[in-house]
1. With the crude spin-label approximation of a point 7 Å out along Cα→Cβ, what separation in nm comes out for ARG307 versus GLU151?
2. For region 685-732, what is the convex hull volume of its Cα atoms per residue in Å³?
3. Assuming a ≥ b ≥ c are the square roots of the Cα gyration tensor eigenvalues, decide whether region 127-171 counts as rounded (a/c under 1.5), prolate (otherwise, with a/b larger than b/c) or oblate.
4. Which value, in Å², gives the accessible area per residue of region 1-86 when a 1.4 Å probe is used on the protein heavy atoms?
5. Given the convex hull over the Cα atoms of region 365-458, what projected area results after averaging over all orientations, in nm²?
6. What number, in percent, do you get for the relative contact order of region 443-547 if the mean sequence gap of Cα pairs under 8 Å and at least 6 apart is divided by its residue count?
7. Using the heavy atoms of the protein chains alone and a 1.4 angstrom probe, what is the accessible area of region 507-595 per residue in square angstrom?
8. Can you give me the C-alpha center-to-center distance between region 101-123 and region 49-67, rounded to a whole angstrom?
Amino acid sequence: MRRSLVRLRPRTDTLYTSRGFLSLATDRDGFIDDGSEHGFFAHETRMLSRYRYRVDGEALTPVALSNVDQHTWLGHYIREAPGNERGGGDHGSGMMDPESEYTLELQLHRRLGASVVERATITNYTQQPTAFRLTVEVDADFADLQETSGERKQEGTCERTWDAAARALTFDYRAEHAYDHQGVAGTASIHRRFVVRVSEADTPPVFADGCLTFDVTLAPGAAWHARLDWLPYVEAMPEWDLAADDLTDPDAALAERDRRDGLFFAEATTFETAESATLAPVVTAALDRARSDLAALRLYDLDRGERAWTLAAGLPIYLALFGRDALTAAWQGGLLGPEMLTGTLPALAHFQGTEDVPWRDERPGRMPHEAHTGPLARLRFNPFGRYYGSMTTSAFYPVAAAELWHWTGDRDLAFRDLGPTLDAFAWLDAHGDRDGDGFYEYLTRSEQGTKHQGWKDSPDAIVGADGRLIEPPIATCEEQAFVYQAKFAYAETLWQLGKRDDAERLFGEARDLKERFNDAFWLEDEGTYAIGLDADKRPIRAITSNPGHCLATGIVPAERAERVAERLFQPDLWSGWGIRTLSTENPAYNPYSYHRGSVWPVEHGTFALALMRYGLWDRLHQLCRAQFEAAALFDHVRLPEVFSGHARTDAQPFPAFYPQANSPQAWSASAVFTFVQALLGIYPYAPLHLLVVDPHLPEWLPELTVRGLRVGPATATIRFFRKDDGSSSYHVEHVEGPLHVVRQPSPWSLTATTGERIADALASLLPGK
């Protein structure tokens, strides 16, 4: 098989290393220049705005720079050793440069924890002694992440001090801002510090003119060593339950984060395939990478215990808590284990609305869209320190709570999440339905609010069939579907918790919403649903990917499902790599637009479950294959946040990037696990110690072993395989704890007959399946 050379890497001018609220974005040489968007960021604050090594004032040549994993990085640099005496000008047959034959090498190794540990080693690979001055240029500007590519808004003072005894350079920054936003007035302040400490060095440092300086003398073959600690400090944030940083022992903090990561990797589900299968190496590589990426985005400061954590949305733009992103990644990644669900639900409940604050689009019960710790948010230049402008988060919260119940059967966790869930429903019904017509529409109340507050939230996301922009209020089709799913799914949880009256009420409301929705949103001539209803309750007839979400929730009746699915796979929506957000036939189509023609992997995780729900196996195989083949083209076999909607052809064998795409992105990583869940028909129901499976494996993935799958207190290893007749089966290789593995069409299925369910259940009792 001929192997392609295609390898797509986002943001090719930048190297990224990250962990939690920390990120390092450097030039391709591993350093940071003045005036760029690069820097070392902590809590969305640029702590380092310049950082560069020099030898006798001259740059070194980078020869090998790479992440080892997401939070560690290694760089090799060389130059000709100063003072070297070499003879002749013969470069030899290898066109040899002096720096490769008379080499002085600098190695830099960086590890991110709650701070950064950088180890520097300089080795003299010549047969002559060398002496030189090593300088490290350092500066900090405390810019907000948004300010690095835009106007500086905050005004503060930065004091720089050098403590020779402690060998520590400190940048101490303070800023205040008097604000008045829609009746909310006051003064906000921040106090942030950044310390570069020379913890170890073979020669003492001196600081002058913005540089740490070391005089180095090396014998032939000798090496010089140093360790620099980068210590970022932010003020206490009581509303986050975050105390002021204490980095007195950065090694202990690093070790604790490593320990917590190790605990997750030891317990998370793993996957194995038959290596001879067409896409087997890609599938396992994508799953392994996605598991690591989700862990890399963990926001350790918000842990609710070592096995309960939430995560940032993506690198580099979204290293903050985003409600719907975290919920989506948590439930889509449920196959790995319950840790993300267990930690995300209380993290969001902590920020659930308690006041009526129009500037933040806040009302009691509304779940947050995002919460930021950067200077502009903390100083209240914008409302995003705690902002509520999303319909989706409040509807996804009950869905995620129901998923946690299904995976764990833990009544204590279910009751923990009960109050916040019911409060989210109360907001949806009291304020999500603005005009009392039974549909859920959005309209910001904030002078700085998000215009569109559905799944597609960019300013130009919602257009009509003629390409014109549609102004809110808008009731989008997927938001109705999310509320339907929330009420339908959580009704069952309430029933099990003994809240029978609330369960019956939610079930009835879901049933009524489904009927209203199908009357108002259906476009018979198109065989799909309108993207939404406009302010005059007229259907918005643009053809988009949004109806795929409706399929996934079950709000689509079975008799319409295949037509809706087939509309998604027509050439104007199906690019060959995935389903475009907007039809190519719409005048507003743009393959590079955020929501008007691009392809989002996260949607495809949802679509995969939709196709499984309605038994559309051929389309499920097509969709999953395209997404795994796309993953194979991207660096690290990592699906980015979004990529272009260009058609897949022989002449164009790969898509282009959306220019600002995040990578890794939490919900792109989690989507690959829903591909697997759909292909295997996995449905957990821990309250009854039950795992339902219904595998339909494609030719390109004839075998998959799921190892260490956790359902409640039980753990199972199951091998799924495709048989010679094209059907799929499974073998339970190991079970520890109480668990019944039963073959059934998923309870999500809306097409399975009673006879099929009985036959599969009986077959599950037979040896060998």
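The values are calculated or read from the model by the stated rules, or taken from the named source; none is laboratory data. All values derive from a computational prediction rather than experimental measurement. Note that we place each Cβ from the backbone using ideal geometry, even for glycine, and neighbour counts take in every protein chain shown. Side chains are part of the model used for accessible areas, which takes the heavy atoms of the whole protein and leaves out ligands, DNA and RNA. Shrake-Rupley method; radii C 1.70, N 1.55, O 1.52, S 1.80 Å.
1. 5.2
2. Values: hull volume 3.2 nm³, N = 48.
So the per-residue Cα hull volume is 67 Å³.
3. oblate
4. Per residue, region 1-86 has an accessible area of 45 Å².
5. Computing the convex hull of the Cα atoms and averaging its projections yields 7.4 nm².
6. Here the relative contact order equals 27 percent.
7. 37
8. 10
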